[in-house]
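The values are calculated or read from the model by the stated rules, or taken from the named source; none is laboratory data. Predicted model, so just to flag it, every value in this text is computed and none were measured. Positions of Cβ are generated from backbone atoms using ideal geometry, with glycine treated the same way; all protein chains shown enter the neighbour counts.
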Amino acid sequence: MAAVQGGLVDADEDKDIKTEASNDSWGNNNANDGRLLSPSPGSSASAGSNKSAAGASEEQQTLLAVLQFLRKNKLTESVEILRREAGLPEDSLEPKGAESSGAGSGGASGGVDLEGGDASSLLSRVTASSTAGAQAPTKVAAGEDQPDVNVVLSAYSQQGDPALYEVYYSGLKRFIESVLDCHRAELSQVFYPLFVHMYLELVYNNHESEAKAFFEKFSGDQECYYEDDLRVLSSLTKKEHMRGNETLLDFRTSKFVLRISRDSYQLLKRHLQERQNNQIWNIIQEHLYIDIFDGMPRSKSQIDAMSGSLAGEAKREANKAKVYYGLLKEPEIELPLDDEDEEAENEEGKPKKKKPKKDSLGSKSKKQDPNAPSQNRIPLPELKDSDKLDKIMYMKEATKRIRLGPDNLPSICFYSFLNAYQGLTAVDFTDDSSLIAGGFADSTVRVWSVTPKKLRKVKSAADLNLIDKESDDVLERIMDEKTASESKILCGHSGPVYGISFSPDRNYLLSSSEDGTVRLWSLQTFTCLVGYKGHNYPVWDTQFSPHGYYFVSGGHDRVARLWATDHYQPLRMFSGHLADVTCTRFHPNSNYVATGSSDRTIRLWDVLNGNCVRIFTGHKGPIHALAFSPNGKFLASGATDGRVLLWDIGHGLMVGELKGHTDTIYSLRFSRDGEILASGSMDNTVRLWDATKAFDDLETDDFTAATGHIHLQDNSQELLLGTYMTKSTPVIHLHFTRRNLLLAAGAYNP
Amino acid sequence: MAEERRQKQCSVILPTESMKAMAESVGVGQLQEESCVAISEEVSYRIKEIAQDALKFMHHGKRRKLTTSDIDNALKLKNVEPLYGFQSQEFIPFRFASGGGRELHFYEEREVDLSDIINTPLPRVPLDVSLKAHWLSIEGVQPAIPENPPPAPKEQQKAESTEPLKVAKPGQEEEAAIQGKSQGATAADGKGKEKGLIRLKPRSTHELSVEQQLYYKEITEACVGSCEAKRAEALQSIATDPGLYQMLPRFSTFISEGVRVNVVQNNLALLIYLMRMVKALMDNPTLYLEKYLHELIPAVVTCIVSKQLCLRPDVDNHWALRDFAARLMAQSCKTFSTTTNNIQSRITKTFTKSWLDDKTQWTTRYGCIAGLAELGPDVIKTLILPRLTVEGARIKAVMEGPVVSNIDKIGADHVQSLLLKHCASVIAKIRPQPDNVEQYRTDYGYLGPMLCSHVMKARTQAALQAQQVNRTTLTITQPRPTLSVSQSGLSGSTGPRTPSIIKVPSSLTLMSPRPGTPSQPSPPATKYIVMATSAGTATTQQVITLSSSQSASPVTSTVPSATSTLQPLVKLESGSGPGLTGSRPLQKYIVVSLPSSASSSLEILPCLVQLKTQGLFGLNVKG
């Protein structure tokens, strides 16, 4: 029972989590003056050194701004702490008071953004402003004239002749169009960020008409996948608008990352220096991060595959960290030999078939995967007796599982929600497929039983007293037969329910809503147990860890949070996304969390230390679906652009692209053995893809992990195994049962 | 393109006049033009911002339509108070008025009578959300069930049958394209060959799944079985289910074989059942029958022109079957006749040829005429009218000559009424007004006088129908006078028959098309039998009305009823005046009443039947 203990302070929290052997870094991180999240020691150190090198004046200025801000918001305690620590060069810009959990994202995002080895002398100013800026979006509504925002924008104050902007830009354009073909594609990447920054400079300096003219002249040249951002940009024509515009702040606070080969870069540099084109050179130095690599320049298609995100590509360093993507060892459970079953199988004359299957199951649990994290890397809840029983059930079902493949496609059972009136917003199935839950726009959550077993509540306390607790069927007796029904409604939210997730043991249900809370419901009593407050804005998604106890949530505040059911405050905050966190997913080994965002990136976070260990770019629209392959090696993602991208987690590379859907993909799921990937979309189709082939082809390729280049073959049509149209029913959830039957769900829109 | 659109996006700003109007509405009188511009720019920007946020909510709500609640949520996100209670039926809630040099916007608020609101019945409670499961795919194959979209849309079926070379199934097409690509890259010389291969029409296998086989068995058994309720259900299924495409070849063979066997055995009932299956197949909106016409058309034509269709030609109503089949034929001509298959002209030729043959029996003759007549007024005009004289002479020979056989006489009788029925309306259109009996006699011979009276009736009826504006739900139209053979003796002066209003105890009101003429002189002996079903019966029955006044195709409607439980509720018999012509027979109207809820929009035309029939077409042919 996940009862909340009131008044938990962070010190207690450490103890609570460290029920098992405490890992060194785990302890260290949590001991850090009560901050729930800290960047890895390495990156914070580098950030710190950068700053100290840059000189203390900027530092001072930033601190003063923060202090001012805190005082204004009456966070006196925080002010005190900050003052005390002001002398330290450590990254304690944003200490965490007991109540200021909402504003805590700023420092962290700064830390994440800083992990670069760019030794440019101008960096310090940008970093200082970026840390301050990152917290702004969460507090934009609060105040008008925040000093931090001004700090951000002041970078634009340098003057140039507005009339010359067009000349500069078209001059560069001419140059890039005239260079050799092999460099042109690479250098063309510069256009978009340059265009945006020049436009913003014009707007900031009140050259409205010039800005408009500039926009109209060159916006058509930009890649089509930036259209959404350009639309936002086009509406922004006044300096006043820039204050409080999130897109703008994103662009300002994060350096746009470009990957360019050394040759191309030299070419560009030489050109700009020859022409004395300082305006553009300044922008490139200040606002762009150019990740230079040695080797062949990339082709247009290679660049297009990786670009599209709000802040350019991921730096190569960002994907270098080691990820333990292997699976945890399954706990040893004595399988009670079911003699009847065995005999029945023998009588049917298939004893041979059964044996190798069992071996394969057994071997999985015996061998320790070198890529797997240690068993207690993060403390996991101990198995209860009921969990063990469920594991046994799972094993039994697994032996009856259908082997899927291109010649053996799964059957699909579709659950249509009728009379939902466009109100169905989220669906989830339990792992054993016995229950289905739907979240609705009218703030309710409904749970259905899809088996003949009806849903029953536990009896009231008074009635429970009368029960003979010694009897064998006490678990049966506590249930109130009168309440049996096929579905139950859970009321409690005050806004549309956008995310929903069953706990693995089927005792709890999580729901996240527009009202900013995540709620934990008991499926025994069908009541709300806890409302987790922390996100002050809509929470778009939530998911339980595959091992239970932990769960992750992500929302409009651009932060994903890790919670434990018995803590009312988050254990970790994963901040770094530049726009809403739209979907969250746990890695099968519970050590990592993947988040997809409207900034069109996917990030993988380490649950242990809260670091961002992978950034995947390549989608051209907000990401709405994520799925880990059952072996933990791969990640599939689907976005509004209708494409499914496949990622190798270990190497941090894109390994496949599946084209076919014509609308947003809302659901992705791998079959239990990982042979088939199913995708469900707004275009009313379920599509099945040959995952084995998609990943097998790769392994023969030699990875050019060093450069991070990819050659994607366009083989979507070969990999597509089937397309199944529904009758005007968008597919918003998919689930493979333990026997590999595919369940799909959606609301019928007549 | 894209550039243009973007420019538009860039420049869209609310007009300053709106700002002024809004300012006035909140009490700010004089607003500077400059401030108006500034405000409108700011407002436009904020509105765009909110719209962008609202889109986010739409995406997460998994919808394609932006709703007002999305906007509310977006406002909430910006810490702006949402709009409360704003509701307007109209697009713009306020009105504009000017006068005396002043311009004014005002909200138009009408007075609402509270009692109206209180007294209006509550709207129905919306249905609760429910969950329904179905198979989207079974081992990779999508089953053809109503829950799934039809596997092959009708357009595709049509294209497949008319232009078989162009169409490959979507998946195969892509495959072929890919194949072609790879092949083209590797071997250029093999290209032509490859192309030839691709152009081959894919051979489609027609294997039925076990479920489909079961379905087929059930349906065919029900269609020819003895239980009328089951048959109605089966036909309903054939006429509506989307997934029958796969089974179409089976059905068409079933029908064609069935007709072949049953014609030999003179099993009228089964033939009728089979024709009803054809009808149901044609009614199915997801099926395109073109490919199977070579089996269906011979079967249908057999039912039209076969010499003998039943065991007792003198008693059984095989005429109805011929009529029905003729209508089916006409329908398929209309739907499927193209310049390449020439169905209509080929059919016309067949009918004409056997009609012209002197040795043709009366039954076949009837079928040929019916088949031709159903093809439309043009066919009647060019093919039937010129032969009226010849046909009239032949009928006269049978009717007035020495008694040959009863069967021949009945046959001639039917041919005569058929000719009168179809020709009258056509003649009424093409002949100028004054209908002179003698003139008719010279033009059309023996049939002339009768034609004349029918034409006159047709004219008055046409005039009537033009007047008739409001149709009631249940309409008893006048029976076609041309139908009744027995009226042949009447002179053309007989006034139109009186319609009358019948009050049936079960609150069913039968309105005549012409109320207000109940006291017409010399009403003919008219007998109404109104039948009503008992309220509890739920089985459905198909009713095919045989005498539809205008439409060439039969009106088919499903009427909940049960044959066994029907009881006549009212039997009205308006006394036949002794002063009237003695030869006037009783006319029976059979009206099937419906349960009051289902009665809307169903039109039941009574049928005049003087012959004993087997009642296979449902109730209204039962005498």
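Restricting to segment A:274-290, name every residue that is polar (S, T, N, Q) and within 19 Å of A:Glu186 (Cα to Cα). Break it down stepwise before answering.
Pass one, segment A:274-290, residues polar (S, T, N, Q): A:276-279, A:282, A:285.
A:Gln285, the sole residue that qualifies.
One residue stands out in segment A:505-516 among those that are of a type in the set (D, E, K, R) and within 13 Å of chain B (Cβ to nearest Cβ): the one that is farthest from A:Gly746 (Cα to Cα), namely A:Asp515.
Tell me, which helices (runs of 4 or more DSSP H) lie completely within segment B:1-115 with 3 or more residues that are among the basic types (Lys, Arg) and either at pLDDT below 85 or surrounded by 12 or more Cβ atoms within 10 Å (Cβ to Cβ) (or both)?
Working: elements: B:2-11, B:16-25, B:33-60, B:68-77.
By residue number, B:2-11, B:33-60.
Is it the case that A:Lys400 is exposed (fewer than 12 other Cβ atoms within 10 Å of the Cβ), modelled with pLDDT of 60 or more and among the basic types (Lys, Arg)? Here the answer is yes, as A:Lys400 does meet what is asked. If you go through segment A:237-286 and keep only what is within 14 Å of chain B (Cβ to nearest Cβ) and of a type in the set (A, V, I, L, M), you end up with A:Met242, A:Leu248, A:Leu249.
Taking the stated definitions as given, is B:Gln461 of a type in the set (S, T, N, Q), within 25 Å of B:Asp378 (Cβ to Cβ) and at pLDDT 80 or above? For B:Gln461, the condition - of a type in the set (S, T, N, Q), within 25 Å of B:Asp378 (Cβ to Cβ) and at pLDDT 80 or above - is met.
Every residue, every condition in (1) part of a loop (DSSP other than H, G, I, E, B); (2) at pLDDT 90 or above; (3) not β-branched (Val, Ile, Thr), yes or no:
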| position | (1), (2), (3) |
| --- | --- |
| B:Gln236 | no, no, yes |
| B:Met247 | no, no, yes |
| B:Ser252 | no, no, yes |
| B:Ile255 | no, yes, no |
| B:Val263 | no, no, no |
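The condition (being away from chain B (no Cβ under 11 Å) and of a type in the set (Ser, Thr, Tyr)) is satisfied by just one residue among A:Ser178, A:Ser219, A:Ser234: A:Ser178. Based on what the data block shows, is A:Ala678 part of a strand (DSSP E or B) and surrounded by 21 or more Cβ atoms within 10 Å (Cβ to Cβ)? Taking the combined requirement at face value, the residue satisfies it. For B:Leu235, state whether it is touching a helix residue (DSSP H, G or I) at 6+ places or on another chain (Cβ under 8 Å), in contact (Cβ under 8 Å) with a residue 60 or more places away in the chain and more than 18 Å from B:Pro146 (Cβ to Cβ). So B:Leu235 does not fit the description; no. Within segment A:597-626, being of a type in the set (Gly, Ala, Ser) and surrounded by fewer than 24 Cβ atoms within 10 Å (Cβ to Cβ) holds for one residue alone: A:Gly621.
At least 1 residues being within 22 Å of B:Glu49 (Cβ to Cβ) and polar (S, T, N, Q) is the threshold, and among the helices (runs of 4 or more DSSP H) wholly inside segment A:232-291 those reaching it are A:246-253. Taken over segment A:593-617, the residue count meeting the criterion of being closer than 23 Å to B:Lys56 by Cα and among the charged types (D, E, K, R) is 3. Within segment A:727-750, residues that are in the same structural domain as A:Gly680 (by the TED database) have Cβ atoms under 6 Å from residues that are of a type in the set (Asp, Glu) in these pairs: A:Arg738/A:Glu397; A:Arg739/A:Glu397, counting only partners at least 6 apart in sequence or on another chain. Looking at A:Arg519, is it within 14 Å of chain B (Cβ to nearest Cβ), among the basic types (Lys, Arg) and in a strand (DSSP E or B)? No; evaluated as a whole, the condition is false for this residue.
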